[in-house]
Amino acid sequence: MATPMAYLRGEFMPLEDAKIGIMTHGFNYGTAVFEGIRGNWNEEQGQLYLFRVRDHVQRLRLSSKIMRMALQISDDDLVAQIHELAQHSGFREDVYVRPMVYKSSEVLGVRMHDLDDDYLLYLAPFGAYLDPDAGARCMTSSWRRVDDTSIPARAKVNGLYVNNAMAKTEAQLSGFDEAILLNQDGHVSEESGENIAIIRDGVIITPPPQDNILEGITLETALDVAREHLGLDVLRRSIDRSELYIADEVLMTGTAAHVTPVVEVDRVPVGDGQPGQVTKQLQDRYFQIITGRIPQYLDWLTPVYSDSIVSA
């Protein structure tokens, strides 16, 4: 029987038993960093594939460094623990793994220094975050993306996601699926949980890191596919809000959202208001990659089960 699982304080356990104290610094002040790792189920192969685990672990370490936290385990050992967690859980469906590094001291007081660091993992089933076929209707949020001079934008900081949550709620209560955040200069930054890209005249364009985006692993995957498989040029430059309205296609990328077309921005249809052909090609290729159907990308995948019908 499949069971949501966690790793906490050196032990694997059912997720329902994984508890932290209410005075934990990371809970009280958002002093933690995290990653999201997808496990994608291939029914025909009887295999669950974790996607780009090592890249997520490396980004977790960089986030920890920015936030003055120590991830006191090697990359190899953490990758192995994530693999073991997935095996213990036993799911035969898509899952989500969350590694987190957090200030574990149970003390009051705002600071980053002179506190204990720890890490945890948990895994739970996780289906489609957005409808990948219908596409998403988005609005430009009144909330601006947090600037790197306020909270480090390149780190996945737990406390920073209040910014994202406010934008997401504003969008959904206004009848949209997702929110697009502009940075303090008024340029397009990212969505509440995804990177964003546009396609114009056969070029895929995405905001540069200095526009306060999270440097996305799924985004880099999509850009690689765009270059190598579709022959598109890739350009990193600032994007104005009005350029979203005249783009040939708009798409979002992220661990939760995969590759999802955007069909409307601020009630203005993108193109003809249907998922774009290039985005659909990217999306199809991406889903084949993450479910182990394209041999050249198998190095990005960690197969969970040794008893599947494919070789582990």
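The values are calculated or read from the model by the stated rules, or taken from the named source; none is laboratory data. Note that the structure is a prediction, hence the values are computed from the model and not measured. Glycine also receives a Cβ, built like all others from the backbone with ideal geometry; neighbour counts cover every protein chain displayed. Each accessible area value is taken on the protein alone, full model and side chains, heavy atoms only, with ligands, DNA and RNA left out. Shrake-Rupley method; radii C 1.70, N 1.55, O 1.52, S 1.80 Å.
Structure data summary
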| item | result |
| --- | --- |
| Among (1) touching a helix residue (DSSP H, G or I) at 6+ places or on another chain (Cβ under 6 Å); (2) more than 19 Å from H113 (Cα to Cα), the one test that A32 misses | (2) |
| Residues within the stretch 160-180 that are open to solvent by less than 40 Å² (accessible area, probe 1.4 Å) and either among the charged types (D, E, K, R) or within 25 Å of L232 (Cβ to Cβ) (or both), tallied | 3 |
| Scan of the stretch 25-39 for residues that are among the β-branched types (V, I, T) and either under 20 Å from T291 (Cα atoms) or at pLDDT below 95 (or both), ordered by number | I37 |
| Where a residue in the stretch 197-210 is more than 19 Å from L182 (Cβ to Cβ) and in contact (Cβ under 8 Å) with a residue 60 or more places away in the chain and its partner, wherever it lies, is of a type outside the set (A, V, I, L, M) and not in a strand (DSSP E or B), with Cβ under 8 Å and at least six apart | I199/D248; I199/G276; I199/T279 |
| Qualifying residue in the stretch 63-74 (condition: more than 23 Å from P14 (Cα to Cα), of a type in the set (A, V, I, L, M, F, W, C), in contact (Cβ under 8 Å) with a residue 24 or more places away in the chain and assigned to a helix (DSSP H, G or I)) | yes |
| First in the stretch 144-162 and in contact (Cβ under 8 Å) with a residue 60 or more places away in the chain, second anywhere and among the β-branched types (V, I, T) and open to solvent by less than 60 Å² (accessible area, probe 1.4 Å), Cβ under 6 Å, 6 or more apart | A155/V33; K156/V33; V157/V33; V157/I151; L160/V146; L160/I151 |
| Of all residues making up the stretch 137-159, the number that are open to solvent by less than 30 Å² (accessible area, probe 1.4 Å) and either part of a loop (DSSP other than H, G, I, E, B) or among the charged types (D, E, K, R) (or both) | 6 |
| Residue within the stretch 93-111 that is under 30 Å from Q45 (Cβ atoms) and more than 18 Å from the chain's Cα centre (by Cα) present | yes |
| Residues of the stretch 94-136 satisfying the condition of being within 30 Å of V270 (Cβ to Cβ), assigned to a loop (DSSP other than H, G, I, E, B) and open to solvent by 30 Å² or more (accessible area, probe 1.4 Å) | D94, F126, G127, A128, Y129, D131, P132, D133, A134 |
| Residue in the stretch 5-27 that is polar (S, T, N, Q), open to solvent by 20 Å² or more (accessible area, probe 1.4 Å) and at negative phi present | no |
| Matching residues in the stretch 34-62 - criterion: being farther than 10 Å from P99 by Cβ and part of a strand (DSSP E or B) | R38, G39, N40, W41, N42, Q47, L48, Y49, L50, F51 |
| Positions within the stretch 203-228 being outside any helix (DSSP H, G or I) and either modelled with pLDDT under 95 or hydroxyl-bearing (S, T, Y) (or both), in sequence order | T206 |
| Residues of the stretch 41-70 that turn out to be open to solvent by less than 20 Å² (accessible area, probe 1.4 Å), within 20 Å of the chain's Cα centre (by Cα) and not polar (S, T, N, Q), as a count | 8 |
| Members of the stretch 239-253 found to be open to solvent by 10 Å² or more (accessible area, probe 1.4 Å) and closer than 21 Å to Q281 by Cβ, listed by number | D248, E249 |
| Any hit, the stretch 276-290, residues being farther than 26 Å from H56 by Cα, touching a Ser or Thr at 6+ places or on another chain (Cβ under 9 Å), in contact (Cβ under 8 Å) with a residue 40 or more places away in the chain and of a type outside the set (S, T, Y) | no |
| Residue match in the stretch 296-311 (condition: part of a helix (DSSP H, G or I) and modelled with pLDDT under 95) | yes |
| Condition broken by I290, with the remaining ones in (1) closer than 25 Å to L48 by Cα; (2) surrounded by fewer than 16 Cβ atoms within 10 Å (Cβ to Cβ); (3) at pLDDT 95 or above satisfied | (2) |
